[in-house]
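The values are calculated or read from the model by the stated rules, or taken from the named source; none is laboratory data. Just so it is clear, the model here is predicted, and its values are computed rather than measured. Cβ placement follows ideal geometry from the backbone for every residue including glycine, while neighbour counts extend to all protein chains displayed.
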Amino acid sequence: MSVIAEESSFIQAELYETSKRLIKRQTGILYYDCTNYFFETEHQEGLKQYGPSKEHRPNPIVEMGLFMDYSGIPLAFCIHPGNTNEQTTLIPLEEQIMKDFSLARFIVCTDAGLSSETNRKFNNFGGRCFITTQSIKKLKKAEREWCLAPTGWHLKDTTDVYDIRKLEDTEENRKKIFYKQLFVEGNDGKREIDFDQTLIVTYSLKYRDYQRDIRNQQVQRALKTVEKDPKKTEKHNQNDFRRFIKKTAVTADGECAEKKIYSIDQDMILNESQYDGFYAVYTNLDDDPADIAQINRGRWEIGESFRIMKTEFEARPVYLKRDDRIKAHFTTCFIALLIYRILEKKLDNDFTCDDIIATLRNMRVTKIGKEGYVPSYTRTELTDALHDYAGFRTDYELMTQRTMKGICRRSKE
């Protein structure tokens, strides 16, 4: 494991070169995101540090940054202490990719958590570009009001201008994504070059209803909490349902109340509802806004990759202590994820991750004395697809020992 940890960068570069012989790599667009993994310990040292856990666990964590190409295939990863600011992890891994992978010109797509000005300026030269999510709530007042204004909206392949207040809630309109864009001039004083960006905001009736549904569910949870256990309202983060609960320590006459009164914060609900359906990104590209929005929507696959590692591959909790062992652990997880994603593409994305992993784990054979092997699993459409891709079969009524040796030999090749 020490060797794997020490050679992790070399392994990633070789995997990339080898994978190009198996599947087309679309490295013109790269997605980057971070997550963390917790340890079954309360002692922090080395990479294991207390930090903001994605799962809100009171355990030391380690942080992983992951690059993925446009087709959803992992490209490279990095490991940092759990208390590292994730915004500082992007540039070092990019530099490693440019050096070890011989990649120079690409578009980096990130979420709002990695949308620092430093990261955007780094990808504003050398043939690199960026698309990064921008929180409308955090924009300056003038830009925020422009984003939420109901007029001036466009659709791809048409010159018509729309007022979103007048949109009928039809199935046809629910499929449409309206947009508008605002050019923002700037300058990168460090490199003495222009730092011009375009703020693109989109609006969708379908996304509006999705956000409303999520918020309504959270409000219902808040109501149950107020009614059954008000003491659980004290702590919450910006996305927690408890943000909709307010406590009042005074009466309507302004006198001190004997006890705190908990209720639903209607002002908070009203304030959040004005952002329903809106989504904004910053970019230095001159492409069609609809195409940029389409690229940005591909970020969901990197989140799914993290889920696969955490659940299907059981990458956490981590039980290792030494830093080199921890790096080796996540290197093997990265290799497994890369192999899985390639297999998923080879199967034409016809099967779910859960089905593929479960089927592979259950495809066992049983040895029958010296006669050979018999399958101990049920033949399905997925097992047929796996056999077709592999070029051999293990679901015959009986496989001789000679046949099995041939399969093992071919798999090693």
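Quick notes on this structure:
- Meets criteria (under 30 Å from Glu14 (Cα atoms), hydrophobic (A, V, I, L, M, F, W, C) and either at pLDDT below 90 or in contact with a strand residue (DSSP E or B) (Cβ under 7 Å, 6 or more places away or on another chain) (or both)) for Ile107: yes
- Those residues of region 270-300 which are aromatic (Phe, Trp, Tyr) and touching a residue at least 24 places away in the same chain (Cβ under 8 Å), in sequence order: Tyr275, Phe278, Tyr279, Tyr282
- Candidates in region 85-120 are the residues that are within 14 Å of Tyr282 (Cβ to Cβ) and among the β-branched types (Val, Ile, Thr); of these, the one that is surrounded by the fewest Cβ atoms within 10 Å (Cβ to Cβ) is Thr118.
- Ile335 vs. criteria of a type in the set (A, V, I, L, M) and touching a residue at least 40 places away in the same chain (Cβ under 8 Å): yes
Rundown of residues vs (1) more than 30 Å from Thr18 (Cα to Cα); (2) surrounded by 15 or more Cβ atoms within 10 Å (Cβ to Cβ); (3) free of Cβ contacts under 8 Å to residues at least 24 places away in the same chain, yes/no style:
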{"site": "Glu371", "(1), (2), (3)": "yes, no, no"}
{"site": "Thr383", "(1), (2), (3)": "no, yes, no"}
{"site": "Leu386", "(1), (2), (3)": "no, yes, no"}
{"site": "Arg393", "(1), (2), (3)": "no, yes, yes"}
{"site": "Tyr396", "(1), (2), (3)": "yes, no, yes"}
{"site": "Gln401", "(1), (2), (3)": "yes, no, no"}
{"site": "Arg410", "(1), (2), (3)": "no, no, yes"}
{"site": "Glu413", "(1), (2), (3)": "no, no, yes"}
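- Any hit, region 131-150, residues being in a loop (DSSP other than H, G, I, E, B) and at pLDDT 95 or above: yes
- Among the residues of region 13-27, the one identified as more than 14 Å from Arg341 (Cβ to Cβ) and aliphatic (A, V, I, L, M) is Ala13.
- Among the residues of region 311-354, those that are surrounded by 18 or more Cβ atoms within 10 Å (Cβ to Cβ) and among the basic types (Lys, Arg) comprise Arg316, Lys327, Arg341.
- Residue within region 121-128 that is farther than 24 Å from Asp33 by Cβ and either crowded, with 16+ Cβ neighbours inside 10 Å or touching a helix residue (DSSP H, G or I) at 6+ places or on another chain (Cβ under 7 Å) (or both) present: no
- Residue count for region 189-218, restricted to those that are in contact (Cβ under 8 Å) with a residue 24 or more places away in the chain and within 30 Å of Phe122 (Cα to Cα): 12.
- All helices (runs of 4 or more DSSP H) inside region 321-413 with 3 or more residues being closer than 23 Å to Ile4 by Cβ and under 27 Å from the mean Cα position of the chain (by Cα): 323-346
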